[in-house]
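The values are calculated or read from the model by the stated rules, or taken from the named source; none is laboratory data. Quantities reported herein were computed from a predicted structural model and do not represent experimental measurements. All Cβ positions, glycine included, derive from the backbone under ideal geometry; neighbour counts span all protein chains shown. Just the protein is used for accessible areas: all its heavy atoms, side chains included, with ligands, DNA and RNA removed. Shrake-Rupley method; radii C 1.70, N 1.55, O 1.52, S 1.80 Å.
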Amino acid sequence: LTWSLGSWYQGRPALQVPRARLVTGGLLLVATGIVITASVLASAMPPFMAAIGWLVAGLGMGVGITSLSVLVLELSPIEEQGANAAALQVSDALGSILFIGAAGAIFAGLHTPGQDNAGVFLLIFALMTVVALAGAVVAPRVRA
């Protein structure tokens, strides 16, 4: 639901925020959502905060990914829009596959069956937070 809300928000015609800033903001929201979710494992936060974290991350995905798609079309010559949109979809899928696979490999290599594996999840959340923050650092470079 918040992903849809973020997509809706960034598509408002009266919105005057530059797209690159929306991509940066979306990535920062994703990082914040991951940190909120991870805080449930690392502290005495109530479990419902994990859901709040994913709602924040979903909002960031809606704002950031949709803005990036619009930017690709805005910055591409008309004759290259199809190829560039396809390349964006392939890179989105490949990125998801690589990072989900990496998280799975980390979990498979470090978890202890039948034990509390919060530390393994915290490591995965920390690494994915770094990925989101790295994206936020380079996102302002997206411009004509």
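Based on what the data block shows, is Ile52 closer than 22 Å to Ala126 by Cβ, open to solvent by less than 50 Å² (accessible area, probe 1.4 Å) and not in a loop (DSSP other than H, G, I, E, B)? So Ile52 fails the test. Based on what the data block shows, is Ile106 of a type in the set (Val, Ile, Thr), assigned to a helix (DSSP H, G or I), open to solvent by less than 60 Å² (accessible area, probe 1.4 Å) and over 21 Å from Gly6 (Cβ atoms)? Here the answer is yes, as Ile106 does meet what is asked.
I need the full set of residues from region 109-122 which are open to solvent by less than 70 Å² (accessible area, probe 1.4 Å) and part of a helix (DSSP H, G or I), in order please. Spell out how you get there, then give the answer.
From region 109-122, those open to solvent by less than 70 Å² (accessible area, probe 1.4 Å) are 109, 111-112, 117-120, 122; that's our starting set.
The answer is Gly109, Ala118, Gly119, Val120, Leu122.
The single condition from (1) modelled with pLDDT of 95 or more; (2) closer than 28 Å to Arg21 by Cβ; (3) buried (at least 17 other Cβ atoms within 10 Å of the Cβ); (4) among the β-branched types (Val, Ile, Thr) that Val142 fails is (1).
Would you confirm whether any residue within region 7-17 is among the hydrophobic types (A, V, I, L, M, F, W, C), surrounded by fewer than 20 Cβ atoms within 10 Å (Cβ to Cβ) and outside any loop (DSSP other than H, G, I, E, B)?
Of the residues in region 7-17, the ones among the hydrophobic types (A, V, I, L, M, F, W, C) are 8, 14-15, 17.
Then drop every residue that is not surrounded by fewer than 20 Cβ atoms within 10 Å (Cβ to Cβ), which leaves 8, 14-15, 17.
Checking which are outside any loop (DSSP other than H, G, I, E, B) leaves us with 8.
Yes, region 7-17 contains a residue that is among the hydrophobic types (A, V, I, L, M, F, W, C), surrounded by fewer than 20 Cβ atoms within 10 Å (Cβ to Cβ) and outside any loop (DSSP other than H, G, I, E, B).
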